[in-house]
1. Which one of these does Asp117 not meet: (1) touching a Gly at 6+ places or on another chain (Cβ under 8 Å); (2) surrounded by 13 or more Cβ atoms within 10 Å (Cβ to Cβ); (3) charged (D, E, K, R)?
2. Would you pick out the residues in the range 135-168 that are more than 15 Å from Thr41 (Cα to Cα), outside any loop (DSSP other than H, G, I, E, B) and within 18 Å of the chain's Cα centre (by Cα)?
3. Which one is surrounded by the most Cβ atoms within 10 Å (Cβ to Cβ) among residues in the range 84-100 that are more than 10 Å from Pro123 (Cβ to Cβ) and more than 12 Å from the ligand (Cβ to nearest atom)?
4. Give me the pairs, please: first residue somewhere in the range 71-93 and in a loop (DSSP other than H, G, I, E, B) and of a type in the set (Asp, Glu), second residue anywhere and crowded, with 21+ Cβ neighbours inside 10 Å and modelled with pLDDT of 95 or more, beta-carbon distance under 7 Å, and either six or more positions apart or on two chains.
5. Evaluate the range 46-57: report whether one residue or more is within 16 Å of the ligand (Cβ to nearest atom), assigned to a strand (DSSP E or B) and surrounded by fewer than 18 Cβ atoms within 10 Å (Cβ to Cβ).
6. Report the residue count in the range 120-140 for those that are aliphatic (A, V, I, L, M) and exposed (fewer than 14 other Cβ atoms within 10 Å of the Cβ).
7. Among the listed residues Ala68, Ala111, Ala26, Ala11, which satisfies the condition of being away from the ligand (no atom under 16 Å from the Cβ), of a type in the set (Gly, Ala, Ser), more than 15 Å from Tyr155 (Cβ to Cβ) and modelled with pLDDT under 95?
8. Out of Glu12, Glu16, Glu61, I need the residue that is assigned to a helix (DSSP H, G or I), within 30 Å of Ala115 (Cα to Cα) and not aliphatic (A, V, I, L, M). Which one?
Amino acid sequence: MRAFVAVDLPAEFEDEVAALARRLHACVEGRFLKRQTYHVTLAFLGEINEADARRAIDALERACALSAPVLLEPKGFERFGHRREGLLALALEADPGLVGLAENLRSGLRAQGVAYDEKRFSPHISLVRRARLEAPCLPDLPFPHACVAASATLYKSTLTPEGALYKPLYTVDLPV
Ligand code: 2AM
């Protein structure tokens, strides 16, 4: 299965991110992601088997047990990939709790021999794929208020023509 580990968004924060995305419709064309797909990826595992999934759960539990409170604090918009057809995301500040969680999870995965995409951790919430921006710059929009995350989850991702479907496999509470 295709899998990744992510921090889940608290419901109120998710509402605010969805409201921000709605306002973007005026100046951005592309495939807007559904609000139930919003998350902050900590580690993308790619194809894993059942044994790897058990090891990843172990690494997730350990990382969450060691974690400081994880603050989700919007920083600004960020574009990844191709200028005219890339991903538009809401970038988050490098909160020490969030960065520490990603580092501890990744070192736990390494210790368990579970491979993951080693791109540098750049915390963000993906909003629009194949994004084409009309205006030279994005308007001044109200960003979601910072909040403390409550959980992190191992997800199974299934690719479909309508986009990826994410199924939570195992969720661990974070300290608040
Ligand atoms: P993205 O939203 O920035 O594209 C599930 O695919 C999640 O894992 C997405 O949030 C995706 O990030 C992230 N991810 C990180 N590395 C990835 C990779 N190499 N391939 C696919 N998804 C990746």
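The values are calculated or read from the model by the stated rules, or taken from the named source; none is laboratory data. It should be emphasised that the depicted structure is a prediction, and the values quoted were computed from it without experimental measurement. Here the Cβ positions follow ideal geometry from the backbone for every residue, glycine too, while neighbour counts run over all protein chains shown.
1. Asp117 satisfies every listed condition except (2).
2. Cys147, Val148, Thr158, Leu159, Gly163
3. By that ranking, first place goes to Gly97.
4. Glu73/Leu92
5. yes
6. Looking only at the range 120-140, we keep the residues that are aliphatic (A, V, I, L, M), and these are 125, 127-128, 131, 133, 135, 138.
Of the ones still in play, those that are also exposed (fewer than 14 other Cβ atoms within 10 Å of the Cβ) are 135.
Residues that pass the stated criteria total 1.
7. Numbers: Ala68 fails: modelled with pLDDT under 95; Ala111 fails: modelled with pLDDT under 95; Ala11 fails: modelled with pLDDT under 95.
Every option except Ala26 fails the conditions.
8. Glu61
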